[in-house]
Amino acid sequence: MATTAQATLARSEDEFRLTIAEYLESLPTPFIRRVFSNPAACLAIFRLLSTVGKQLIISMLYLDSPLQLHDMHQWAKPDHQRTVKAKIHQLRKLQILVEAKGMVSLNAIFREQLRNALTGGGDFGSFGIVYRGPRDPRVTALWLTRYASERWESILHFMVGQSADVAPPSESVRGILKMSHLMDESNGEGLRISNSGFQFLLQDPVSQVWTVLLQYLRLAEMQDMDVVEVLNFLFQLVSLQPGQQYSTEALTKNQRRMLNELCDFGLLYLDGAARRFYPTHLITSLTSGSSGAAATTTTTTTGSTITSKLSDVGEMAVPSEAGYIILETNCRLYAYTSSPLQIAILNLFAHLVNRFPNFVTGALTRESIRSAISHGITADQIITFLTTNAHPQMHGHMPVLPITVTDQVRLWERERNRLHPVHAHFYKDFNHKSEFERVFRYAQDIGVILWANTDKMQLV
Amino acid sequence: MVKAVKGVFVECDPATREVLLKLNEKDKFIIEDLDNTHLFINSTHLDRVKWALDELMNENYYKKEQPK
């Protein structure tokens, strides 16, 4: 039961790890150097890596002289050599590992600052300065959690279109939603949700927050804000303690602006008058691990793409909501919830029949799934969503959702995609077989053949 | 002389292929019938073909009574 949830969580983490890693890679060297000069950033990046990556870095952390690359390969058992080599390659791309003439060492700045982060030396102001004034009695950890969830949900509500009873969020939030194509400006109606928006809704909260933050980074780039400053500040925020109050005095103008904008999302609570802010669980849970992803070191073997999976670092910082959906083998659905948002999301792909004060019933029908698919939601996302929100009682079964239902949903999806069209060229009427052979071999080498028939001498 | 024709390469299952061949009789869009599971069609008709196929599939589906 736990493994399926972990596997699905791991997959969604893969996706956004992919993007944050890509973003870091795309930064030029001087920028990276500035990012690394901040201990909080180094620590945050370190936590984002996979177990093997962490192991490699820790082993080299207190070595001052470079190491032979060959020796590093020896650290792994023969059958896991490939994994280790892949990890080393990833670290090199992130510029954490520096290679020269067969010797590798950690990037000096990174090494220095990570040591500082771990031992508490150096500029510990980068971890946030705690506010030393009296506490506001109103703001407790519980209050903050509720505040954050409310804010986040109101944004999701706005996306789903339930905005009749919910005040629309601020300009900056709407701007980000539009820029990331989660919502599109449709003719005269204002913002309407898009295909990727639907997919966003079905993801778990941590991936959602990551997606938003990445968009924010891109927006910052476009507005000529110093990307490194923004990035550093973000990394600083993710390492703060939820519920603890921090002073805003030491922050620059840009950082204060960021605070304001992030506040709209419910990631922080800003008490402007008293000049302090409280980070909420939404932002601090980003690197401290969502419910224990599998600690195994399996990685995908796709050559150059980065997949860093977050391994469980022990405790679970995010209070994950208990599942609330029960799915029967006859495709009937029962959801123990009264939250309009969750009901709206279910409405996207299920046909809801009855609604009670604490409980909603419905079914997955062909029509409802087909309409969901035509909006761009894939069968896998629906299945992942149902699995992650499944009622604890369902977890007794293995696999969590009845196979009949998952297969049926996939079949319905395939029904819509019966044709696989690919734009191509068709070659026929070759004069000689040798001519055909040559073209065929060339096309094979560059890997563009879709279909070939050697008897009739035709190629696509 | 070698002829190169631009179009859309379609992969489908044999049943769908038969349906497409039948649709072809009304408006010609198949450039070449490649084999049991592949066809090469004219790109301009692609959307219409998809839509017509979908319609046909829908007609043949039995809708069960909604449970009250």
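Residue pairs whose Cβ atoms lie under 6 Å apart, sitting 6 or more positions apart in sequence or on different chains, and linking a residue in segment A:356-375 that is within 14 Å of chain B (Cβ to nearest Cβ) to a partner that is of a type in the set (V, I, T), are A:T361/A:V353; A:G362/A:V353; A:I369/A:V409. If you take the residues of segment A:251-270 that are part of a loop (DSSP other than H, G, I, E, B) and on the phi < 0 side of the Ramachandran plot, which of them is most open to solvent (accessible area, probe 1.4 Å)? This residue is A:T252. Select from segment A:40-77 the residues that are at pLDDT below 80, in a helix (DSSP H, G or I) and more than 26 Å from A:L231 (Cβ to Cβ) and list them in ascending order. Within segment A:40-77, A:L69, A:H70, A:D71, A:M72, A:H73, A:Q74 qualify.
With respect to the conditions (1) closer than 29 Å to A:T252 by Cα; (2) polar (S, T, N, Q); (3) modelled with pLDDT of 70 or more; (4) out of contact with any strand residue (DSSP E or B) (no Cβ under 9 Å at 6 or more places or on another chain), A:S154 lacks only one, and its number is (1). Taking the criterion of being closer than 24 Å to A:Q113 by Cβ and open to solvent by less than 30 Å² (accessible area, probe 1.4 Å), the residues of segment A:55-92 that qualify are A:L56, A:I57, A:M60, A:L61, A:M72, A:K87, A:I88, A:Q90, A:L91. For segment A:327-355, name all the residues that are in a loop (DSSP other than H, G, I, E, B), open to solvent by less than 50 Å² (accessible area, probe 1.4 Å) and without any contact (Cβ under 8 Å) to a residue 24 or more places away in the chain. Listed by number, the residues that qualify are A:T337, A:A350.
Taken over segment A:222-250, residues that are on the phi > 0 side of the Ramachandran plot and among the acidic types (D, E) amount to 1.
Search segment A:390-446 for residues being within 22 Å of A:K456 (Cβ to Cβ) and among the polar types (S, T, N, Q), and hand back the single one that is nearest to the other protein chains (Cβ to nearest Cβ). Ranking the qualifying residues of segment A:390-446, first place goes to A:N431.
Comparison of A:H375, A:H420, A:H397 shows that the only residue that is modelled with pLDDT under 80, surrounded by fewer than 18 Cβ atoms within 10 Å (Cβ to Cβ) and touching a Cys at 6+ places or on another chain (Cβ under 9 Å) is A:H420. The set of residues in segment A:402-416 that are of a type outside the set (D, E, K, R) and either at positive phi or open to solvent by 40 Å² or more (accessible area, probe 1.4 Å) (or both) comprises A:I403, A:T404, A:Q408, A:L411. Taking the stated definitions as given, is A:I382 in a helix (DSSP H, G or I), in contact with a Phe, Trp or Tyr (Cβ under 6 Å, 6 or more places away or on another chain), modelled with pLDDT of 75 or more and aliphatic (A, V, I, L, M)? When the stated conditions are applied, A:I382 passes them. Only residues that are open to solvent by 60 Å² or more (accessible area, probe 1.4 Å) and either more than 7 Å from every other protein chain (Cβ to nearest Cβ) or not hydrophobic (A, V, I, L, M, F, W, C) (or both) were counted in segment B:21-32, giving 5.
The requirement of being more than 14 Å from A:A44 (Cβ to Cβ), open to solvent by less than 10 Å² (accessible area, probe 1.4 Å) and assigned to a helix (DSSP H, G or I) is fulfilled nowhere in segment A:232-250; no residue meets it. Restricting segment B:1-20 to residues that are in a helix (DSSP H, G or I) and without any contact (Cβ under 8 Å) to a residue 12 or more places away in the chain leaves a set whose member that is surrounded by the fewest Cβ atoms within 10 Å (Cβ to Cβ) is B:A15. Evaluate segment A:74-93: report whether one residue or more is charged (D, E, K, R) and in contact with an Asp or Glu (Cβ under 8 Å, 6 or more places away or on another chain). Among the residues of segment A:74-93, at least one is charged (D, E, K, R) and in contact with an Asp or Glu (Cβ under 8 Å, 6 or more places away or on another chain), which makes the answer yes. The set of residues in segment B:2-34 being out of contact with any strand residue (DSSP E or B) (no Cβ under 7 Å at 6 or more places or on another chain) and charged (D, E, K, R) consists of B:D13, B:E18, B:K22, B:E25, B:K26, B:D27, B:K28.
The values are calculated or read from the model by the stated rules, or taken from the named source; none is laboratory data. No experiment lies behind these values; they were computed from the predicted model shown. Positions of Cβ are generated from backbone atoms using ideal geometry, with glycine treated the same way; all protein chains shown enter the neighbour counts. Accessible surface is based on the protein model in full, side chains and every heavy atom, while ligands, DNA and RNA are left aside. Shrake-Rupley method; radii C 1.70, N 1.55, O 1.52, S 1.80 Å.
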